[in-house]
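Engineer: Quick one: this structure, given as structure tokens, is what I'll be asking you about.
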Amino acid sequence: MSTWRDRIPTIGSIDLPPDPRALDGLGRNHSLETAIADLVDNSIDAGASHVLIRLVRVEGRLRALYVVDNGHGMPESRIDSAMTIGGQRAYSSNDLGKFGLGLKAASFSQARSLTVISQALGSTAVGRRWLLDENREGFLCDIIPTDFATDEFERQWRIDGMDTGTVIRWDNVTGFPATDNPARVEDFISRTANALQNHLGLVFHRIIDAGKISIEIDVEDIEAGAPGPRIPVTALNPFGYVRSGRAGYPKELSARLGDTDLRFRCHIWTGRSTLPQFKLPGGAEARQGIYFYRRDRLLQAGEGWHGIHASDRRLQLARVEVEIDDDIVRLFAMNPEKSKVNVGPEFTQLAEQAKADDGTTFHDYLEVAEHTFRESRKRSTERRKMAPLGKGIAPELRKAIEREIPFDMESEPIDIRWKRFSSDDFFEIDREQRSLWLNEKYRPPTRGERRSVNDAPLLKALLYLVAEELFRGEYLGARDKDNVELYQEILTAAAKSEQI
């Protein structure tokens, strides 16, 4: 009978390199959007101020995708490390990459060919290529000749400060449509650009808002000889409401467990908001929950409460920010795609203990969020319809009003415009022409630019809210006439006082 031994003996070592086909399995959980976000992480780590995503079309077909930045670039020694499977450079504490697989996993999830060309300060452009091939033997990375690397680096990227930087090129992209049908190709480009705008605008919203990075998308038609117009990626802030849905919020809850401190910044959105920041890809209900950030990069955008509470449609106004800093990083595990965060049992315990300075607990917060949602359902049915807006209102203001007020489409629109009066009156109600006229005498001065018919948005919005009811009915009643006199006296006096 053999005995158990504490130490396991060895008699030597043998080199067992991985099967080259293992490359095919990298990044299987990536989407196109998460894969490109991983490349943008590398650009940010490299100190880039600008990132360009370019689709290339040749003879009607999409043939390649580029991600280009004006970061520090890499010399030959660094590019070899970057292209090594599992190779890890010396990461700083602020870097978003950690696994040594991000570039390769993201790229191989979407394309059969990955080419990296980079130029560091004082160096010539260098390039390497990985080509997924079923017949490949070993891990042999192709070397790109200097002349081709230089030509690629110096293409018409239209990026300032491109003395250094990196060009990532994907060929044989698996998701590209296998057709040159113009309608299908244009539809794919439109959907892809929209998906990238939404995902990158959400994931990097803090960094974009801070002006640290600019991300743009364009399409180059090789036969046309020049790239097309650029599509900017704008910040999509999931906490970018105009006003909080509840007084006293956002509110910070904090908890301590042993030597671990954790803070929850709790937000409540206004009900029935139609802002894209609220709706987000997938819908507001799916986006309730915890928003995890690391170095201002959004790792997970809601999608649940991680054991604190079950998801519920009545909690769709509730969103919570959690910062994963170095002190608490051990509580969390991030997937390689940087799209999901898993929490340990301590996280739920901390959430249960968390309190605000006024004693509010997490349970209290969720109750307030649910109550706010219920109240918003009631209020929305009680808002009176108002006549639609006509001329004189800026499109952005019109959209904002439309989001909050149901329009009575059977009513004629109300124009709000300026004209010269023979009197000092501030305004004039013209029910026949459905116009609220404002006295040109009191028109706010411009700062040198040409006057716009859509000027003075604050004044016009307030007058619309106050005077809209005066355009209702067949005639002005005694109460309406008294209100007109009241408004006229006060507004005219106020306008005159501004001219003194």
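Engineer: Identify all residues within the stretch 187-241 that are of a type in the set (A, V, I, L, M, F, W, C) and at pLDDT below 95; write none if there are none.
Structural biologist: Of the stretch 187-241, the ones of a type in the set (A, V, I, L, M, F, W, C) are 188-189, 193, 195-196, 200, 202-204, 207-208, 210, 213, 215, 217, 219, 222, 224, 226, 231, 233, 235-236, 239.
Listed by number, the residues that qualify are Ile222, Ala224, Ala226.
Engineer: Let me ask something else about it. Would you point out which residue out of Ala22, Ala37 is closer than 25 Å to Lys340 by Cβ, at pLDDT below 75 and not in a loop (DSSP other than H, G, I, E, B)? Reasoning before the result, please.
Structural biologist: Working: Ala37 fails: at pLDDT below 75.
Every option except Ala22 fails the conditions.
Engineer: Filter the stretch 247-271 down to residues that are among the charged types (D, E, K, R), over 14 Å from Val322 (Cα atoms) and surrounded by 15 or more Cβ atoms within 10 Å (Cβ to Cβ), then give me how many there are.
Structural biologist: First pass over the stretch 247-271, keeping only residues among the charged types (D, E, K, R): 251-252, 256, 259, 261, 263, 265.
Add one more test, that the residue is over 14 Å from Val322 (Cα atoms), and what stays is 256, 259.
Those left that are additionally surrounded by 15 or more Cβ atoms within 10 Å (Cβ to Cβ): none.
Of the residues in that region, 0 qualify.
Engineer: Follow-up question, since we're still on this one. Which condition from (1) at pLDDT 90 or above; (2) touching a helix residue (DSSP H, G or I) at 6+ places or on another chain (Cβ under 6 Å); (3) within 18 Å of Pro336 (Cβ to Cβ) is the one that Ala111 breaks?
Structural biologist: (2)
Engineer: Take the residues of the stretch 268-311 that are among the charged types (D, E, K, R) and assigned to a helix (DSSP H, G or I): which is farthest from Val368 (Cα to Cα)? Talk me through it step by step, then tell me what you get.
Structural biologist: Here is the first cut: in the stretch 268-311, the residues among the charged types (D, E, K, R) are 272, 279, 285, 287, 294-297, 303.
Cutting the leftovers down to assigned to a helix (DSSP H, G or I) gives us 279, 285, 287.
On the way: Lys279: 20, Glu285: 17, Arg287: 18 Å.
Per the stated criteria, the residue is Lys279.
Engineer: How many residues does the stretch 133-163 hold that are of a type in the set (Gly, Ala, Ser), exposed (fewer than 15 other Cβ atoms within 10 Å of the Cβ) and modelled with pLDDT of 90 or more?
Structural biologist: Within the stretch 133-163, the subset of a type in the set (Gly, Ala, Ser) is 138, 149, 161.
Now restrict to residues that are exposed (fewer than 15 other Cβ atoms within 10 Å of the Cβ): 138, 161.
Still in the running and modelled with pLDDT of 90 or more: none.
Residues flagged as of a type in the set (Gly, Ala, Ser), exposed (fewer than 15 other Cβ atoms within 10 Å of the Cβ) and modelled with pLDDT of 90 or more within the stretch 133-163 amount to 0.
Engineer: Moving on to the next point. For Ser376, indicate whether it is surrounded by 16 or more Cβ atoms within 10 Å (Cβ to Cβ) and modelled with pLDDT under 90. I'd like the intermediate steps shown before the answer.
Structural biologist: Details: surrounded by 16 or more Cβ atoms within 10 Å (Cβ to Cβ): yes; modelled with pLDDT under 90: yes.
Answer is yes for this residue.
Engineer: Report yes if Arg384 is among the basic types (Lys, Arg) and modelled with pLDDT under 90, otherwise no. Can you show your working first?
Structural biologist: Numbers: among the basic types (Lys, Arg): yes; modelled with pLDDT under 90: yes.
So Arg384 passes the test.
Engineer: Across the stretch 185-228, what is the number of residues that are small (Gly, Ala, Ser), closer than 30 Å to Tyr293 by Cβ and in contact (Cβ under 8 Å) with a residue 24 or more places away in the chain?
Structural biologist: The qualifying residues number 5.
Engineer: Output the qualifying pairs, or none if there are none: Cβ atoms under 7 angstrom, residues six or more apart or on different chains, first residue in the stretch 157-184 and in the same structural domain as Ala35 (by TED's automatic domain parsing), second residue acidic (Asp, Glu) and in a strand (DSSP E or B).
Structural biologist: These pairs meet every condition: Gly165/Asp69; Thr166/Asp69.
Engineer: Quick check: is even one residue across the stretch 213-220 assigned by TED's automatic domain parsing to the domain that holds Gln110 and over 17 Å from Val68 (Cα atoms)?
Structural biologist: no
Engineer: Next up: Basic (Lys, Arg), assigned to a helix (DSSP H, G or I), more than 30 Å from Lys279 (Cα to Cα) and in contact (Cβ under 8 Å) with a residue 40 or more places away in the chain: is that true of Lys481 in this structure?
Structural biologist: On the way: basic (Lys, Arg): yes; assigned to a helix (DSSP H, G or I): yes; more than 30 Å from Lys279 (Cα to Cα): yes; in contact (Cβ under 8 Å) with a residue 40 or more places away in the chain: no.
When the stated conditions are applied, Lys481 does not pass them.
Engineer: Turning to a different aspect of this structure: Which residue out of Asp296, Asp364 is of a type in the set (D, E, K, R), crowded, with 16+ Cβ neighbours inside 10 Å and either free of Cβ contacts under 8 Å to residues at least 24 places away in the same chain or not assigned by TED's automatic domain parsing to the domain that holds Leu257 (or both)?
Structural biologist: Details: Asp296 fails: either free of Cβ contacts under 8 Å to residues at least 24 places away in the same chain or not assigned by TED's automatic domain parsing to the domain that holds Leu257 (or both).
Every option except Asp364 fails the conditions.
Engineer: If you take the residues in the stretch 427-455 that are part of a loop (DSSP other than H, G, I, E, B) and touching a Phe, Trp or Tyr at 6+ places or on another chain (Cβ under 9 Å), which one is modelled with the lowest pLDDT?
Structural biologist: So in the stretch 427-455, the residues part of a loop (DSSP other than H, G, I, E, B) come out as 431-434, 443-455.
Narrowing the set further to residues that are touching a Phe, Trp or Tyr at 6+ places or on another chain (Cβ under 9 Å) leaves 431, 434, 443, 451, 453, 455.
Values: Arg431: 89, Arg434: 91, Arg443: 88, Arg451: 70, Val453: 81, Asp455: 87.
The selected residue is Arg451.
Engineer: Within the group Lys355, Lys419, which residue is surrounded by 13 or more Cβ atoms within 10 Å (Cβ to Cβ) and either modelled with pLDDT of 90 or more or not β-branched (Val, Ile, Thr) (or both)?
Structural biologist: Details: Lys419 fails: surrounded by 13 or more Cβ atoms within 10 Å (Cβ to Cβ).
Of the residues listed, the single one that is surrounded by 13 or more Cβ atoms within 10 Å (Cβ to Cβ) and either modelled with pLDDT of 90 or more or not β-branched (Val, Ile, Thr) (or both) is Lys355.
The values are calculated or read from the model by the stated rules, or taken from the named source; none is laboratory data. Since this is a predicted model, take the numbers as computed values, not measurements. Here Cβ is always computed from backbone atoms with ideal geometry, including for glycine, and neighbour counts include all displayed protein chains.
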